[in-house]
1. Using DSSP to call loops (not H, G, I, E or B), can you name the GluC sites (Glu not before Pro) in the stretch A:333-393 whose Cβ has at most 15 other Cβ atoms within 10 angstrom?
2. Work out the mean other chain Cβ neighbour count within 10 Å for the residues of A:336-345 and drop it here as an integer.
3. With 36 Å as the cut-off, how large is the P(r) tail for chain A, expressed as percent of Cα-Cα pairs?
4. Considering the convex hull of the alpha carbon atoms of the stretch A:184-341, report its projected area averaged over all viewing directions, in nm², one decimal.
5. Taking amide H positions as placed in the peptide plane 1.01 Å from N, state which residues far from A:Leu91 in sequence (5 or more) or on other chains have amide H under 5 Å from it.
6. Multiply the residue gap between B:Tyr189 and B:Asn203 by 0.36 nm, knock off their C-alpha separation, and tell me the result in nm, one decimal place.
7. Taking 7 Å along the Cα-to-C-beta vector as the label spot, tell me the B:Arg377-B:Glu93 distance in nanometres, rounded to one decimal.
8. Under the Karplus relation 6.51 cos²θ - 1.76 cosθ + 1.60, θ = phi - 60°, what is the ordered set of whole-Hz ³J(HN,Hα) values for the stretch B:141-149, x standing for Gly and Pro?
Amino acid sequence: MVNVIKLRKGLNLNLKGKATKEKISTELPAEVALVPAAFEGVVPKLVVKEGEQVQAGSALFVNKNFPEVKFASPVSGKVTAIIRGDRRKVLCIKVQTDSEQGYIDFGKKDVSSLSGEKVKEALLEAGLFGYVNQLPYAISTNPTTEPKAIFVSAFRDMPLAADFETELEGNEEAFQTGLTALSTMGKVYLSVSVEQKSTALLNAKDVEINAFDGPCPAGNVGVQINHILPINKGEVVWTVDPASVIFFGRLFLTGKVDLQKRIAIGGSEVIHPCYVETIVGAPFSTILQGRLLHSEHIRIINGNPLTGNVSSLEDYVGAHTSEITCIPEGDNVNEILGWISPRLNNFSVSRSYFSWLFGKNKEYDLDARVKGGKRHMIMSGEYDSVLPMDVYAEYLIKSIIAGNIDRQEQLGIYEVSPEDFALAEFVDSSKMPLQKIVREGLNTLRKENA
Amino acid sequence: MSLRKYLDKIKPNFQKGGKLHVFESVFDGLETFLYVPNTTSKSGSSIHDAIDSKRIMSMVVIALLPAMFFGMYNVGYQNYLAAGTLASASFLEVFCYGFLAVLPKILVSYIVGLGIEFAWAQWKHEEIQEGYLVSGIIIPLIIPVTTPLWMLALACAFAVIFCKEIFGGTGMNIFNVAVGARMFLFFSYSSKMTGDMVWVAQNSLLGLGNNLADGFTMATPLSQIGQGLAPNAGISDMVIGLIPGSIGETSVIAIAIGAIILLWTGIASWKTMGSVFAGGIALALVFKAMGMTSISWYEHLFLGGFCFGAVFMATDPVTSARTETGKYIYGFLIGAMAIIVRVMNPGYPEGMMLAIFFGNMFAPLIDYYVVDRNITRRANRIK
């Protein structure tokens, strides 16, 4: 019997365009690109030059502050371009894929016989360690941290998010190997949803399993940590995306860096939403080709509509991308007298609209409009009603806006990540960019504490 | 969509560099009033709830309408009753008289208050905030019908500037704007706010209503109680609201309709509202048991501004306590304080306004201690 943790607060959004279980395989794209921005908090330092030949698993760049943390190329081929943005910031490193893929052989290893140090070394060597994230700050971690625990959330419950059980099919062995590898470095907590049935999850070994019963954002690892093992100042908890656990497992099982993953494509602007077999770094243009309903006034999101980044067809599958969603942009919509008209197709948690009449089964097709002007915080309790954490969200946000670091620490900023505030940002009647506020607050705090 | 095209056509005039740039906030206010802004999110969440502060404020105004319309009727009713011609007047005559008496107050309140809001928004290059839509209708409803318009204008200006804008606008203010206006009038022109001369409209308007004799007096039930007399109104009049008093505060039924709208839409907190009543009932029972008040607990709730304050003013989310636990304490404090002022202070027959003012003042302190418990709990984890 696993420990069941029941959460009451939150909100399940029922959006149109959920991915069906169908899986579509794609060919290896002609060009892939690794995007350093997908590794939050990493300042990239290039270790390859344009024209250089790389193998799958060769480092493309390293973390400038921790050069031992390398980031592996997903494919073998020739580095064709290094795209830079403002102040020469590296935006992406493009690699033209070889027709015959070559992998660096890191050697098969039996993880159960390895020490934590050896596992860490192997991950660093293979350029995968950067896939481990940490709280506080919600960034890619570094090898000098001593984790109090390692958390893996095996379910995603954001709207239109990929279902991890579907991703897991066929990767069960790699997933278990990955968990065992992690368990050598710290105690691993695996969080599952009460609705999940996969035996690879429910019978996972070398981990403590906790089941969560509650609406979104119960799948957020930050929320889970807050209920199982809250973080105090000075402590570090590693958080690992379940898809990354599979990458780790493959490394030890095959000795190769294999960054193939199954991602969901969904949203109301996608024809036939489904799962796609692809690889980290694959261009969106090849994945979404022929799958979009419209070519204009749409928003392509790298991730789900609540936490994903605004993106375009020129973007690439990021290290932690589990789904690509497309919704209407809404910049050509003019709704008249919105403050009083019934607006039956709009969703609201407030009963001043009528979405409560249609029940939970109605699927909504929401666009990217903010639907109101930004105001000061007016209504109270909105954030707390969708944040199942022992944190006073409004007060934390205010302390971040005010730049009061002592107060942020007192109110628990080390326990939160921007994604925890995604639903609060959705329901906020004052339309404040909460995720941005939290991210900037965390970045400032990290600099101050460095 | 020709209106949309027209707006798009004239929009550049109001943007930076345009010749009407000084009216940018006004144009923006009008545009967002007509159309839901179609700006899309650039960062963070790509989707948003349809609720915004325009919708919220509109709902509160809708919730206030029953009290406003009943208030108009009651203004006429009191005038005709005082003149003794009630029996011969039709419902329409009575209502229209009240309508004519109240409408200028609402107009003055909105013109003065919104005028300052618009000017301020333009000065600060901000969007116009909707908060005054609610304050602007509450203020005329919580004053006696005989209040001169210039006083009302002064009070609105004072309240908007010194209770709201200097703090940074809606969402940053400490004191409820309507309470601020009422306090200003009460302490500046107390003879026009209290006493027995102010509660009934005295003059006929456009041939409607009656001119009452100079020096006509009519006490509110609460002031009669304050003077140790028995109130001249029965329970049914108190509940329906056919008693002298401030324009919108007399009818328990009309206010209850508003309360239902606010609670159902979730805009007002049932915790705050409920605990104001709980606090009032508790103290009224205590005073009754001690023999210090002659009326029962429900009469205390039905009379004066208790219901109106509890439903529409104590629940203002900005100036009330913001933590869920804090709301219980805050509400109870207001309810209790209102009855304490009524019963124990011989100078003030009504205490709701002062109680809400004190509640506003203590709300940050209440929240401070509620949040502090969370901070302490977090700090204790390390030990």
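Since every read-out is calculated from the coordinates, none of them should be taken as a lab result. As the structure is a prediction and not an experimental result, all values here were calculated from the model. Cβ placement follows ideal geometry from the backbone for every residue including glycine, while neighbour counts extend to all protein chains displayed.
1. Listed in order of number, the matching sites are A:Glu363.
2. 5
3. Within chain A, distances greater than 36 Å cover 25 percent of Cα pairs.
4. Directional mean of the projected Cα hull area for the stretch A:184-341 stands at 13.7 nm².
5. Those lying under 5 Å, H to H, from A:Leu91 are A:Ile83, A:Arg84, A:Gly85.
6. 3.0 nm
7. 6.5
8. 7, 10, 10, x, 5, 8, 4, x, 5
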